[in-house]
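The values are calculated or read from the model by the stated rules, or taken from the named source; none is laboratory data. The shown structure was predicted, so the numbers you read here are calculated from the model rather than taken from an experiment. Heads up, the Cβs are rebuilt from the backbone with ideal geometry, glycines too, and the neighbour counts pull from every protein chain shown.
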Amino acid sequence: MECVVGSRCWTFTKWVPLKASSGLSLENGGVSVGNGRGGGGRMGVCGRGRVEVGRSGRRAVARCSLSGNSMQFVALHQLSEWLSKQGFPSQDVKLTSFGEEGIGLAAGRNFKDGETALKIPENYTVTGVDVVNHPVVSAPAAGRGDLIGLTLWLMYERSQGENSVWHPYLKTFPATTLSPLLWSAEEQQELLKGSPVLEEVQQRTAALEGEYEDLLPFFNKDTQTFPEEHFSLAAFKSAFSMILSRALYLPAADLFALVPFADALNHRADCQAYVDYSMEDQAVVFQVDRSYKEGEQVFTSYGRERSNADFLITYGFVDENNAMDNLELEVGLVAGDRLEVLKRQILQQSMFDSPQSFPLYLDRFPTQLLTYMRLSRLQDPALFSKIVFEKDIMLDQANEYEVLMILMGECRSRLEKYEGGVDDEIRLLKNKKLTPRERVAAQLRLSEKKILTSTMTALRTRLAPIRGIPAKGGGLKDPNADINEMFDMVEQVASAPKKFFDSMFKK
Ligand SMILES: C[S@@+](CC[C@H](N)C(=O)[O-])C[C@H]1O[C@@H](n2cnc3c(N)ncnc32)[C@H](O)[C@@H]1O
């Protein structure tokens, strides 16, 4: 079977014949397939019914009670056994339970930076090709995206229970994810109140429900093949969020794939290594980007430029160490500006639009955002020549003051949409009784509020000398006394910024 994806072609020899076990080993809480090289490292069974997984590198790995996790433990064992029988090649990593992050991969030996930790032949993966060739789901999946195709595949294979050839693999998937796509409308409203992600979650939920509506005629036509129990809206959403969190996008093949072992890799913010397809090896491969000691959890990156909102929707977690976490700020030219045509030309030359989005990070925002705003508020065409998007050049003080105050007003009005401030979220997160959904939502709100408050601090620092706020060792004369009063009002009065700047910020 051939699958042509652009210029890249993936040829599949589907499902390999059963082979004798190539040496399954089940070691001290970690499960590996193959020759079992590596031993148990620092992991060890401690006492009756407890698997202690000790400190693993930089991360403390949770202790897991065998009684609590025994089903998962057995499932991992069965997966390894099954893969071995299928001739799945030996890997130098072990499927292991890692507490909060769920199952992950532990190094089965010491790794040096750049070494290959995973090489999984393509015939052990599930992709769009399997969906197209599937006797049941190929029809409803036709013309839909890869993710929906894989969702239908998962729903069907799940509905087959132990009769599915994939049962040992599917059994190791977590029961659910914390993606807000699975929350009720009320939970979305309540837990994401104030966050810009709420609208996105609502839109995506509606799109998902629309997709299901579209599929219903297929399901209703043959309720024996598609029983309500396994093909309900809830089952569809659950399968979709599972695929969203597990299917790996393989850039070199330009497709999504379910890949045993590789889809157990957890994300770490400072990691750059990612899973990809190797044409040469006809396999899915993963090279580590640092050294690991045997037993340490091996990490991947789920994407370097992704916000926490994106992580929450896709994977159901918020990464507190995400240096690329950001909030988008959309700005535009002022409607009715007499210099609009000229300004538009200047924007176009630098490949900017109106409206245009810019990211606000915890510790920075782009110089281009300030330049854009300076241009948008400028009324003296003689200063146009000073506009350089990559450089932080103040055009004149009044313009600078206006721009900084507009940004300040926008941050303030966005903060006011949430309930409580940063401290309230920190306090809330100390409450051990929070549900997992409440916890991830509070983590997200906290990360967003922090971005807004730190942006406001940065703006105040820029504003201080312009406003004539005394610096250490001497007073500054206020050069903007005449407009100060007006902007003070803008910063203080909650409703004023919105009214005043509505034309600037396109919602
Ligand atoms: C591709 S799967 C990885 C395997 C998964 N841990 C499991 O138990 O099957 C992605 C899921 O792992 C979890 N995960 C991965 N990285 C994480 C992290 N840094 N923090 C919290 N959860 C993480 C999330 O639940 C996410 O939806």
- Unique residue being over 27 Å from the mean Cα position of the chain (by Cα), among the hydrophobic types (A, V, I, L, M, F, W, C) and not assigned by TED's automatic domain parsing to the domain that holds residue 178 when the list is 88, 98: 88
- Task: Could you name every one of the helices (runs of 4 or more DSSP H) located completely within segment 129-244 that has at least 1 residues being more than 16 Å from the ligand (Cβ to nearest atom) and either in the same structural domain as residue 103 (by TED's automatic domain parsing) or basic (Lys, Arg) (or both)?
- Result: 197-221
- Residues 303, 295: which one is closer than 23 Å to residue 114 by Cα and either surrounded by fewer than 19 Cβ atoms within 10 Å (Cβ to Cβ) or at pLDDT below 95 (or both)? 303
- Query: Right, residue 294: under 30 Å from residue 169 (Cβ atoms) and not hydrophobic (A, V, I, L, M, F, W, C) or not?
  - Reply: yes
- Task: Report those helices (runs of 4 or more DSSP H) wholly inside segment 355-470 carrying at least 1 residues which are under 30 Å from residue 175 (Cβ atoms) and of a type in the set (Val, Ile, Thr).
- Result: 422-429, 436-467
- Item | Residue in segment 106-119 that is surrounded by the fewest Cβ atoms within 10 Å (Cβ to Cβ), counting only those that are closer than 16 Å to residue 272 by Cα and not polar (S, T, N, Q) | 112
- Task: Answer yes or no as to whether residue 252 is surrounded by fewer than 18 Cβ atoms within 10 Å (Cβ to Cβ), closer than 21 Å to residue 117 by Cβ, more than 16 Å from the ligand (Cβ to nearest atom) and among the hydrophobic types (A, V, I, L, M, F, W, C).
- Result: yes
- So how many residues does segment 293-308 have that are farther than 26 Å from residue 361 by Cα and either within 16 Å of the ligand (Cβ to nearest atom) or touching an Asp or Glu at 6+ places or on another chain (Cβ under 8 Å) (or both)? 3
- Message: Looking at segment 188-207, can you tell me whether even one residue there is more than 22 Å from the chain's Cα centre (by Cα) and over 28 Å from residue 284 (Cβ atoms)?
- Response: no
- Message: Condition check: more than 28 Å from residue 318 (Cβ to Cβ) and surrounded by fewer than 19 Cβ atoms within 10 Å (Cβ to Cβ). Does residue 422 satisfy that?
- Response: no
- Those residues that are crowded, with 20+ Cβ neighbours inside 10 Å and within 15 Å of the ligand (Cβ to nearest atom), I need them from segment 323-341; list them, please. 325
- Count - residues of segment 97-109 that are within 10 Å of the ligand (Cβ to nearest atom) and either farther than 14 Å from residue 70 by Cα or out of contact with any helix residue (DSSP H, G or I) (no Cβ under 8 Å at 6 or more places or on another chain) (or both): 7
- Message: Just to be sure before I move on: is residue 84 touching a residue at least 60 places away in the same chain (Cβ under 8 Å) and either part of a helix (DSSP H, G or I) or more than 23 Å from residue 165 (Cα to Cα) (or both) in the structure I sent?
- Response: yes
- Task: Only residues that are near the ligand (Cβ under 10 Å from one of its atoms) and more than 29 Å from residue 167 (Cβ to Cβ): list them for segment 260-282, please.
- Result: 268, 269, 271
- Query: Got at least one residue in segment 326-333 being out of contact with any Phe, Trp or Tyr (no Cβ under 6 Å at 6 or more places or on another chain) and part of a loop (DSSP other than H, G, I, E, B)?
  - Reply: yes
